[in-house]
Amino acid sequence: MNFTTAAIENIVHNYYELTVEAKALDGYDELNFILTEKFGKKYILKIASEQHDKDFIDAQIKIIRHLRNSPIADQVQYYINNKKGEALTIIEEGGGEVFYCRILNYLEGQFWVDTPHDHQDLHENLGGFLGKMDDALKDFKHPSMHRHYTWDISTARDAHQKLKFIQSHEGRRLVDYFLLQFETVVLPTLSSFRHSYIHNDANDYNVLVKGNEIIGLIDFGDMVYSATINNLAVACTYAMLHSNDPLTVATSVVKGYHNVYPIEEKELSILYYLIAARLCISLTQSSYNASLSTDNAHHFITEKPAWKLIYQLIEINPIKAEDAFRRACNFNGLIDQNDTYQSIEDRRQKHIGKNLSISYQSHLKIDKGALQYLYDDKGNTYIDCVNNVSHVGHCHPVVARAMQKQIATLNTNTRYLNDHIINYAEALLATLPKHLKVCYFTNSGSEANDLAIRISKMVTGQEDVIVLDHAYHGTSTTTMQISPYKFDKPNGIGQMPWVHKAMNPDIYRGAYQNNNGEAGKAYAASVADIIHTLKNQDKKPAAFICETLLGVGGQIPLPKNYLKEVYSIVQAAGGICIADEVQVGFGRVGSKFWGFELQDVMPDMVVMGKPIGNGHPLAAVVMTEAIAENFNNGIEFFNTYGGNPVSMATGAAVLKTIQDEALQENALNVGKVLLNSLQALMSKHSIIGDVRGEGLFIGVELVKDRITKEPIGKEINQIVEALKNKGFLISTDGPYNNVLKIKPPIVFSEKNAIDFSNALDEVLLMA
């Protein structure tokens, strides 16, 4: 039926004996009209198709009648009966189509969305109103409201099915993260919470306001039997939508609600995640609606502010949120700002090795992670600018789910056949040059480098290994022996006779500084000199191992042609060239997937760790078929956990995430923004001697004097601490410990990059 305004006016006159002028209103899935009588009295007409459940419409009628006998009677609508004295009018067209009509009185007031709503009293009033409603409905019963409903927060997990309709990689990842938290934090306990019949849609278009008072709530079409706390979560969500301080708004709503209808402590423990879940439902639903090319503007009415809010929400420490909610309800808070961590540090000192260091002068206790964010126990949120272990982000939902699923299915060693190790090996090899065909899996980059050196020595029959000065390759005995960064320390083991240090190819501070290809050749000559010395001793190199961008050496991109020259020299001498990609592989450098590709070389072995498992203990050595065959000398290679199904599922998920979310491209684009913004700071701050890097592998070298390049001293620790106090976690490196190293998860955003640069600017102005 075509419900023109004329047709509506006819229906109202015929069934209700009212003479009105009709005007169409927006609606989500029902037709809505405002009706105006001759002398100005107004009504609301709602029309639902036969696709709507008649029994559920009956439930709406009964619940409103129930509320008309409650303390909020004047704040809800009432039904206008038709000529037969019925609230529900059934209209059947000639074609057999059925429609359900209801007329309600018109509540005067402004919609929340159309009024200034930044006043605490208004937020508390909203909470108080909903508290009264939930109190009034706690004994109401109607079977039709026991339904599985898209907009019920309890069913938020269903939103995962529509996640694919979100076009933005970043947006989809963020929604998926909160859905994972819903599944992990909320669902296991939700059934134990209070349940009742809730309005479920106190949104900014349904709440009516006059001054700082809530004068009405309309539209009961989303009602459902659900966890009572969900009603408050929905109200908080929409109250927060347009605020620059959403947590304060939500806290006021919670306070008002609790003062009228006390909240249980355990309900507050999940409220933050319930708010996030409601946003996830809204955003996936609007993205799904967009895929249908619907022209109903009401389907997208809150989309833009909802996106803004979910980005705000992930920057709010959930511990801070729960603490605020608890204090608003006069429960004990979670945060003790006076805790100096003396107790936990004493326990750590007693039971954990004292040379296991802790970052920052003022220590942090990190309790939760979320993509590029870390949350401490004092309610602070930090942007992680240095953790290249959590390569695709802390608690990335795709990786976490893959781990959860596999560990609940099977985890065993490699002495059994299974598909996981083969599938992952094939996927990993597909990212590498075709001559690299064989994988060995270990649990850490240290193990992998240790194995690479062991294989090199066995295959070549030689002992001598060439490394770069200041290099670091791991914590095993062998890798410590090939790490000048460790063995040259005052209490280090010293240089082994079979280890040879080549010059650190640093074009900022080193002997050769022209990056036109000549510096690369000049630094490569240092390797040639070592090989010449070995030759005079009737020796050959077993291996040359080098990070493809230098980490602890100072966050240094290698000079042009350096590896091409070195690899040619080493391979000609019979040595094996090992590319250490533990720090920089898997798309971090942006323009290439692997760091060695920046140098246009073909390593004999590639070692990978850290980012490969996103924090899960996983690493690998990949090599040529010839090397692998020579290593297969009858002595079994076995690593208890290396290549286990959980590790393989994790590695596969990380690789898939990098590819599916275009994270290599993100590292390239965001890296350019960050590099450019940091280089721009050099004109303002003479303390910045050099800014260098590739993708999201960047170093900022700080000096006392740009001419002499005298490195800054302990002041750098104050800079790092000041950045931490501004919410940015950073660390230092380099032979003089004067380089700020920036290696964030590659989900780092342009906003994160600009915010960090601005924070560094502010810190240096005060330095």
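Which one is modelled with the lowest pLDDT, of the residues in region 614-630 that are in contact with a strand residue (DSSP E or B) (Cβ under 8 Å, 6 or more places away or on another chain) and either charged (D, E, K, R) or not in a strand (DSSP E or B) (or both)? Of everything passing the filter in region 614-630, G615 is modelled with the lowest pLDDT.
On the basis of being crowded, with 20+ Cβ neighbours inside 10 Å and within 26 Å of D118 (Cβ to Cβ), does V186 make the cut? Here the answer is no, as V186 does not meet what is asked.
Taking the listed residues A87, A73, A22, the one that is buried (at least 17 other Cβ atoms within 10 Å of the Cβ), without any contact (Cβ under 8 Å) to a residue 24 or more places away in the chain and of a type outside the set (D, E) is A22, with no other qualifying. For the structure I just gave you, tell me whether V670 is of a type in the set (A, V, I, L, M, F, W, C), within 28 Å of H396 (Cα to Cα) and touching a Ser or Thr at 6+ places or on another chain (Cβ under 9 Å). Yes; evaluated as a whole, the condition is true for this residue.
Suppose we filter V570, V654 for residues that are at pLDDT 95 or above, part of a helix (DSSP H, G or I), in the same structural domain as K540 (by TED's automatic domain parsing) and over 30 Å from L417 (Cα atoms); which single one remains?
Only one candidate passes the filter, namely V570.
Considering region 550-565 alone, what residues qualify as being over 13 Å from L468 (Cα atoms) and within 31 Å of the chain's Cα centre (by Cα)? Give the steps one after another, and end with the answer.
The initial filter retains those residues of region 550-565 that are over 13 Å from L468 (Cα atoms), namely 555, 557, 559-561, 564-565.
Selection gives Q555, P557.
For the list (1) in a loop (DSSP other than H, G, I, E, B); (2) touching a helix residue (DSSP H, G or I) at 6+ places or on another chain (Cβ under 9 Å); (3) without any contact (Cβ under 8 Å) to a residue 40 or more places away in the chain, I need the number of the one condition that T708 fails. Against the list (1) in a loop (DSSP other than H, G, I, E, B); (2) touching a helix residue (DSSP H, G or I) at 6+ places or on another chain (Cβ under 9 Å); (3) without any contact (Cβ under 8 Å) to a residue 40 or more places away in the chain, T708 comes up short only on (2). As for region 371-383, it holds no residue that is surrounded by fewer than 17 Cβ atoms within 10 Å (Cβ to Cβ), out of contact with any Leu (no Cβ under 9 Å at 6 or more places or on another chain) and not in a strand (DSSP E or B). The sole residue among H160, H199, H169 that is outside the structural domain of I63 (by TED's automatic domain parsing) and over 30 Å from N666 (Cα atoms) is H199.
Within region 678-687, can one find any residue that is in contact (Cβ under 8 Å) with a residue 12 or more places away in the chain and under 28 Å from L174 (Cα atoms)? Scanning region 678-687 turns up at least one residue that is in contact (Cβ under 8 Å) with a residue 12 or more places away in the chain and under 28 Å from L174 (Cα atoms). For region 327-338, the set of residues classified as assigned to a loop (DSSP other than H, G, I, E, B) and within 28 Å of the chain's Cα centre (by Cα) consists of G333, L334, I335, D336, Q337, listed by residue number. Restricting attention to region 436-450, the residues being in contact with a Ser or Thr (Cβ under 6 Å, 6 or more places away or on another chain) and under 8 Å from V621 (Cα atoms) number 2.
Restricting I80, I34, I47 to residues that are touching a Cys at 6+ places or on another chain (Cβ under 6 Å) and outside the structural domain of I215 (by TED's automatic domain parsing) narrows the list to I47.
Residues that are outside any strand (DSSP E or B) and at pLDDT 90 or above: does region 36-50 have at least one? Working first, answer last.
The first filter runs over region 36-50 and keeps only residues outside any strand (DSSP E or B), leaving 38-41, 50.
Subset that is at pLDDT 90 or above: 41.
Looking for residues that are outside any strand (DSSP E or B) and at pLDDT 90 or above, one finds at least one in region 36-50, hence yes.
Of all positions in region 540-547, none carries a residue that is without any contact (Cβ under 8 Å) to a residue 40 or more places away in the chain and more than 38 Å from the chain's Cα centre (by Cα).
Whether any residue in region 505-517 is within 30 Å of A402 (Cβ to Cβ) and not hydroxyl-bearing (S, T, Y) is what I want to check.
Applying the first criterion (within 30 Å of A402 (Cβ to Cβ)) to region 505-517 yields none.
No, region 505-517 contains no residue that is within 30 Å of A402 (Cβ to Cβ) and not hydroxyl-bearing (S, T, Y).
Residue by residue, here is whether (1) within 44 Å of the chain's Cα centre (by Cα); (2) more than 14 Å from L104 (Cα to Cα) holds:
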position	(1), (2)
T19	no, yes
K23	no, yes
T36	no, no
K42	no, no
K46	yes, no
S49	yes, yes
K54	yes, yes
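Consider region 60-74 and keep the residues that are of a type outside the set (K, R), closer than 15 Å to K138 by Cα and in a helix (DSSP H, G or I). The one that is farthest from the chain's Cα centre (by Cα) is H66. Whether any residue in region 203-214 is crowded, with 18+ Cβ neighbours inside 10 Å and of a type in the set (K, R) is what I want to check. No, because not a single residue in region 203-214 is crowded, with 18+ Cβ neighbours inside 10 Å and of a type in the set (K, R). Inspection of region 541-548 finds no residue satisfying the criterion of being more than 30 Å from G393 (Cβ to Cβ), touching a Ser or Thr at 6+ places or on another chain (Cβ under 9 Å) and in a loop (DSSP other than H, G, I, E, B). Looking only at region 477-496, residues that are within 27 Å of N633 (Cα to Cα) and surrounded by 18 or more Cβ atoms within 10 Å (Cβ to Cβ) come to 5 in all.
Within region 464-482, identify whether any single residue is more than 39 Å from the chain's Cα centre (by Cα), of a type outside the set (D, E) and assigned by TED's automatic domain parsing to the domain that holds A626, and answer yes or no. The answer is yes, given that some residue of region 464-482 is more than 39 Å from the chain's Cα centre (by Cα), of a type outside the set (D, E) and assigned by TED's automatic domain parsing to the domain that holds A626.
Restricting region 220-253 to residues that are within 25 Å of the chain's Cα centre (by Cα) and among the β-branched types (V, I, T), the residue that is nearest to L309 (Cα to Cα) is T237.
Wholly within region 429-532, which helices (runs of 4 or more DSSP H) include no fewer than the required count, namely at least 1 residues that are touching a residue at least 12 places away in the same chain (Cβ under 8 Å) and closer than 30 Å to A649 by Cβ? Give the steps one after another, and end with the answer.
Values: elements: 445-460, 477-481, 484-487.
In region 429-532, 445-460, 477-481 are the helices (runs of 4 or more DSSP H) which contain 1 or more residues that are touching a residue at least 12 places away in the same chain (Cβ under 8 Å) and closer than 30 Å to A649 by Cβ.
The values are calculated or read from the model by the stated rules, or taken from the named source; none is laboratory data. All figures in this text were calculated on a predicted structure; none of them were measured in a lab. Neighbour counts are summed over all protein chains in view; Cβ atoms, including those assigned to glycine, are modelled from backbone coordinates with ideal geometry.
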